[in-house]
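The values are calculated or read from the model by the stated rules, or taken from the named source; none is laboratory data. In this text the structure is predicted, and so the values were computed from the model without any measurement. A quick note on method: Cβ atoms are made from the backbone with ideal geometry, for glycine too, and the neighbour counts reach across all protein chains shown.
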Amino acid sequence: MARAFRRFMGRLIAFGFVVLIIAGGGLLYLCTAPYRGYTEPPFVQFERGTSSSALAEELESKGIVRSRYLFLLIRAVRGSSLLQAGDYRFNRPLSPWDVYSKIHRGDVFYEEVRVPEGSNMYDIAKIIAPLAPSLTSLTPESFLKAANDPRQIRDLDPAAPTLEGFLFPSVYRITRQTTATQLCHLMTEQFRKVWSAEAGDLRAGIHKAVTIASLVEKETSLAAERPLVAAVFENRLKIDMRLQCDPTTVYAALRENRYRGTIYKSDLLSTNPYNTYAHTGLPPGPIANPGAESIKAALHPADVPYLYFVAKPEGGSHNFSTKLEEHVQAVDRYRRHEK
């Protein structure tokens, strides 16, 4: 009788182990198997102070995990690891273990705004446009409104009409909650760093320097030519000669929402203050956002007597001239080549 009881208990214990192994294997599978219970990629905003149970409930309700209890089980196993607050997007099937790891790493959602050198505020608004559907606080319209408010750089340039010129071209990571004002702040702060590296604490003349730098940026992409182009503008300003810079005419048309992709005679005759064909001196402010090299060129123009420049017929660079006759010949060569 005792022997039979011992055999029964042995079998019961063995069966219990098998059940535990199967249950454990099932839990392991559920914790490590990818799951997707949603159609459109959902977002989860995990605020500081949110409890694990509240987070687990939201993950389940949005179809990110099969069961909140699986997430809480992993939380219990990995209790010493911290969960990072932030905004998370789930755009592919993940296991509960991977979901937990994503939040533990702080792999938050962000978009990259890549702003090339020479972009103006209208270009940046176009860059933002395709990203707007995944953002909640930033649109092209809100960006243009913020960029037209110069208060963020009033301490640097009291005469600035807008933030144009101070929205430094670079790559910026923004979240769904980033506002237009905050993006402008990121860009102007980056400008401050670059300006400090190039000019130190110098603030006198910053309006002129950044405006000329923006003209230089739009006229040439060649590093060797930038100090020469800056010199042409400086030399013209010294003798009250109109700058006649085509990009300013384009910018004037953009400001009035009438640019048609090319410069027309009516654009050259426009009385808009940014049109340097119609007005002597610098435009009211920068016409684009220059990079560090153009800022450096504006601060340190070449010591040359040039007053004119025009693209070479073969392209890629410019012919620089001191006398009008030389310039007319260079323009004629360019036009013949274009025809």
Residues located in the stretch 120-148, provided they are within 26 Å of E219 (Cα to Cα) and charged (D, E, K, R): D123, K126
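Would you pick out the residues in the stretch 318-332 that are surrounded by 15 or more Cβ atoms within 10 Å (Cβ to Cβ) and of a type outside the set (F, W, Y)? Let's see the steps before the verdict.
Here is the first cut: in the stretch 318-332, the residues surrounded by 15 or more Cβ atoms within 10 Å (Cβ to Cβ) are 318-321, 326-327, 330-331.
Residues satisfying the conditions are H318, N319, S321, E326, H327, A330, V331.
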Checking L237 against (1) surrounded by fewer than 15 Cβ atoms within 10 Å (Cβ to Cβ); (2) of a type in the set (A, V, I, L, M, F, W, C); (3) part of a helix (DSSP H, G or I); (4) over 22 Å from the mean Cα position of the chain (by Cα): exactly one of these is not met. Which one? (1)
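One line per residue, one yes/no per condition, for (1) under 18 Å from S317 (Cβ atoms); (2) in contact with a Gly (Cβ under 9 Å, 6 or more places away or on another chain); (3) assigned by TED's automatic domain parsing to the domain that holds S170:
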residue: L215; (1), (2), (3): yes, no, yes
residue: L222; (1), (2), (3): yes, yes, yes
residue: T248; (1), (2), (3): no, no, no
residue: Y259; (1), (2), (3): no, no, no
residue: Y264; (1), (2), (3): no, no, no
residue: N272; (1), (2), (3): no, no, no
residue: P284; (1), (2), (3): no, no, yes
residue: N289; (1), (2), (3): no, yes, yes
Taking the stretch 264-284 as the region of interest, how many residues are touching a residue at least 24 places away in the same chain (Cβ under 8 Å) and either at positive phi or acidic (D, E) (or both)? 1
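Looking at R242, is it assigned to a loop (DSSP other than H, G, I, E, B) and in contact with a Phe, Trp or Tyr (Cβ under 8 Å, 6 or more places away or on another chain)?
Criteria met by R242.
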Quick check on the stretch 269-287: of everything there that is over 20 Å from V216 (Cβ atoms) and loosely packed, with under 15 Cβ neighbours inside 10 Å, which residue is modelled with the highest pLDDT? T271
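Checking the structure you have, find out if any residue of the stretch 63-72 is in contact with a strand residue (DSSP E or B) (Cβ under 6 Å, 6 or more places away or on another chain) and either modelled with pLDDT of 95 or more or surrounded by 18 or more Cβ atoms within 10 Å (Cβ to Cβ) (or both). Don't jump to the end; show me each part of the working.
If we filter the stretch 63-72 for residues that are in contact with a strand residue (DSSP E or B) (Cβ under 6 Å, 6 or more places away or on another chain), which is where we start, we get 66.
Of the ones still in play, those that are also either modelled with pLDDT of 95 or more or surrounded by 18 or more Cβ atoms within 10 Å (Cβ to Cβ) (or both) are 66.
Within the stretch 63-72, one or more residues are in contact with a strand residue (DSSP E or B) (Cβ under 6 Å, 6 or more places away or on another chain) and either modelled with pLDDT of 95 or more or surrounded by 18 or more Cβ atoms within 10 Å (Cβ to Cβ) (or both).
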Can you work out which of the residues in the stretch 300-336 that are within 33 Å of the chain's Cα centre (by Cα) and assigned to a strand (DSSP E or B) is modelled with the lowest pLDDT? A311
Applying the selection to the stretch 189-216, what residues are in contact with a Lys or Arg (Cβ under 7 Å, 6 or more places away or on another chain) and either of a type outside the set (A, V, I, L, M, F, W, C) or surrounded by fewer than 17 Cβ atoms within 10 Å (Cβ to Cβ) (or both)? E198
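So, P247, is that one in a loop (DSSP other than H, G, I, E, B) and either at pLDDT 95 or above or not hydroxyl-bearing (S, T, Y) (or both) or not? Quick ask: steps written out before the conclusion?
Numbers: in a loop (DSSP other than H, G, I, E, B): no; either at pLDDT 95 or above or not hydroxyl-bearing (S, T, Y) (or both): yes.
It is false that P247 is in a loop (DSSP other than H, G, I, E, B) and either at pLDDT 95 or above or not hydroxyl-bearing (S, T, Y) (or both).
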Return only the number of the condition from (1) surrounded by fewer than 20 Cβ atoms within 10 Å (Cβ to Cβ); (2) in a loop (DSSP other than H, G, I, E, B) that P290 does not satisfy. (1)
